[in-house]
Each structure stands twice: as structure tokens, then as C-alpha cells.
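Worksheet for the structure shown next.
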Amino acid sequence: MAFNRLAPEDFVISTDSITATLWSGGAVALTNFNTSSNQEAGSSGDFYLNTFQTSSTLDSAEVQFAISYANQYASGSSFYNNAVTTASPTRTNYGQYRNLILGDENSQFVFGTITSSDFWVINIDRTRYKEKLFPGSLTLILSGSGKLSLTDNSQISSTVIFNDAGRVYQIVSGAAGTVYTGVNANGYSTDSGSYGWFLPDIGTILLNPLATSASIKLSPSRSVNSDGLNYQKLFNAISGGASFQLNSQETITSDYIFIRARNAEFNYSENPSFISGSTGEIVFNQFINNPQTFLTTIGLYNDNMELLAVAKMSRPLLKDFTKEALVRVKLDF
């Protein structure tokens, strides 16, 4: 065993962005949408609706995303207590997402140029992606009094807006990052702002009911102290559109370490095949002037001589005084 201290120039850091399909089974687009009556009837059913890629009674059914509805004034759902007219599941949802996304209870959601007191939420299940969603890959088709294709404006946005949830892109009319500019150059709805927000860093999509109502008559119920089944309305619109395409994105940071074995280094070994165990002499005379070793393993140690990582060679590498070796070790994080 021999040691060499690595120099700063022996380290190189590289970053790669990897994209992948989001849905179960590697499907490019989700076309089948199913729900669970048990989940809907349970305690969580007042707040959100899970969506599966196949029948929820099958073993292969996996949650793909959840749908919920949020209202600042507690409308669209029944009160927890009729004596408290400001508390309901929709109001709880609104406060939760306001804290998560805006981080300020006095802030409001502004979709494009329009301030909205309510919105739908599509939460991509966390197991569907490793790090974040891929901007420009969204195509969501909604069905109402016609079809509406939505994407994000990451491809045309000159600046990136950030809030407590990370990056924020506007949801606009379009597909796969291409904005449809037939009605408005920015892809917004007519007089109702953008169609919502795309939040890739937390895997969340907000939809603006004012915009969907103006475009395809898709509007939530804002009745007071009454369950409007608003997440079911959005589910029906998504199911009727029969196409939800979205990719994930992961940034892989790699450390490349270059290990150099120069001609005069690593040519001897403490292996018993070199040295006699009884006398300590070199066993064969040719090992004195023309030794040969085989490099098989590289260990990375810290200054306390603690082993941090081990790299195995794909095959033994012959080394003698006439040969130099350069081995590149890659560490992914």
C-alpha cells in the first residue's frame, strides 16, 4: 500500500441535469385517471382527492397527484362548526398554501395581473420525482365547454420570479413550453390574468378559476357552508382532457478525482509474492530492478488516515518503471 497527497488541480467538479418521465411505468403522458372512494370518504377527503393511474383497487395503483381547492373566505365547503363561519377545509387549504408559497399571511395570490381569492391545487406525489419538476415540459389539457391546453411560460420568461416556494412561472395557454399567442401574446386568458402558477421546486400547480371559467366555463362552487365538490370538478376536467404530460428534473453533481501513478511510483508491493516472510528479502532478483505490480484498488483517505471511499478498477492495471497510469474516479452526489 502506498499513499500520495492529492493536489487541488486533481479535482474537477461537474454538474449535469437529468430529465425523466414523471408518471408510473415511465409513461410520457398520463391518460387514465382514477380515484379511491375510500380515500374520498375518509378524513382526508374533505381536503384533497388522490388520483391514480389505474383503478385504486388494483395492486399496481399508485398515487400520481392530488387535487384540492382553496378559498380565502372558507367558501366551497362546509364549516367545521356552524358557530365559526370562518373555518372550513377550503380556508385551511388556503392558509396552508399561503404559508408554504408566499410565507406571509398578509400576501395574496396574483395570477398574472389578477388577484384571486381562490384556486385549485394539483400536487404531484413526492414519490414521482427525486428533486423537482422540469419547466417547459408541462402539457395539461382540461375539458369544459371545449378543450384548454395549458403549459408554463418558462420558455418565454426573460426573468425568473422567486418566492418562499422557489421558482414561479405563470400557467398559460400552450403545450410543452410553447405558448399559444393567438388571443394574447403572453398566453394569458382574456381579462382574467394567467391560468395559474407552476411551482417546479415543490411539485405544485395552482390553477386560477377566474381564467378557466372565462375560457371553458370551468368554475368552482363558492357556496357558503356547503360542500361544492370542487376538486371533483377539476378531476372531471382533467379526466375529460385525457392528457397530462410532465417531466421531472434532477441535478447530479459529480466530483472527478484524477489519480496519477508516475513511472517511479507504486512499482513495489508488500505482498508475500515480493518479500520472504522469514528473511524479509526480495524473493526474486528480477523484482529488484524490474518489478511489476498490478493496480486493483484506489482508496480515498482524509488527513487522519480514515478511509472515505473505495474505487475498484474494472480490471488489474499493470505497472512498472516504464509505465505511468492516470485513473479518473467519479463521485456522484
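The values are calculated or read from the model by the stated rules, or taken from the named source; none is laboratory data. Because the structure is a prediction, the values reported are computed rather than measured. When we count neighbours, we look across all protein chains shown, and the Cβ atoms used for this are built from the backbone with ideal geometry, even at glycine. Surface accessibility is based on the protein's heavy atoms, side chains included, excluding ligands, DNA and RNA. Shrake-Rupley method; radii C 1.70, N 1.55, O 1.52, S 1.80 Å.
Some points to look at:
- For segment 98-224, relative contact order (Cα pairs under 8 Å, six or more residues apart, normalised by length) works out to 28 percent.
- Once the Cα gyration tensor of the chain is diagonalised, semi-axes √(5λ) in Å: 60, 21, 19
- For segment 1-67: rounded, prolate or oblate by the Cα gyration tensor [a/c cutoff 1.5]: prolate
- Cross-link partners of Lys330 among lysines (Cα-Cα below 16 Å; sequence separation of 8 or more within a chain): Lys312
- Mean Cα-pair separation over length for the chain, i.e. relative contact order, pairs under 8 Å, 6 or more apart, %: 19
- Segment 239-270 residues near the modelled Leu308 label - backbone nitrogen below 13 Å, point 7 Å along Cα→Cβ: 255-258
- On full extension, the segment bounded by Gln96 and Ser226 gains 44.7 nm, given 0.36 nm per residue less the C-alpha separation.
- Cβ-defined net charge surrounding Phe111, 13 Å radius [Lys, Arg +1; Asp, Glu -1]: -3
- If R0 is taken as 30 Å, the Cβ-Cβ distance between Ile161 and Thr127 corresponds to a FRET efficiency of 0.60.
- Distance from segment 129-145 to segment 10-24 (C-alpha centre basis), Å: 20
- Protein accessible area in the chain, 1.4 Å probe - carbon and sulfur %: 50
- Only Cα pairs under 8 Å and 6+ residues apart enter the sum, and on that basis the relative contact order of segment 12-129 stands at 21 percent.
- Summary of the geometry: segment 284-333 and segment 199-229, compared by the centres of their Cα atoms, lie 62 Å apart.
- Shape box of segment 86-198 [Cα atoms, principal axes, largest first, Å]: 41, 35, 29
- Distance in nm between pseudo-label sites at Asp255 and Ser117 (7 Å out along the Cβ direction from Cα): 5.5
- A simple spin-label model places the labels of Arg262 and Ser107 5.7 nm from each other, with each point 7 Å out along Cα-to-Cβ.
- Where segment 61-205 is the region considered: accessible area per residue in Å², 1.4 Å probe: 41
- Neighbours of Ala20 by Cβ distance under 12 Å: Lys/Arg scored +1, Asp/Glu scored -1, total +1.
- Over segment 46-127: Kirkwood hydrodynamic radius from C-alpha pairwise inverse distances, Å: 14.2
- Scattering from segment 207-333 was approximated by placing one identical point on each alpha carbon and applying the Debye formula without solvent; log10 I(q)/I(0) at 0.10, 0.17, 0.20 1/Å stands at -0.58, -1.02, -1.21.
- Chain lengthening between Thr297 and Phe11 when straightened (0.36 nm per residue, less Cα-Cα): 101.1 nm
- Environment charge at Ser221 (Cβ cut-off 10 Å; Lys +1, Arg +1, Asp -1, Glu -1): +1
- Stretched out straight at 0.36 nm per residue, the stretch from Ala83 to Lys217 would grow longer than its current Cα-Cα span by 44.9 nm.
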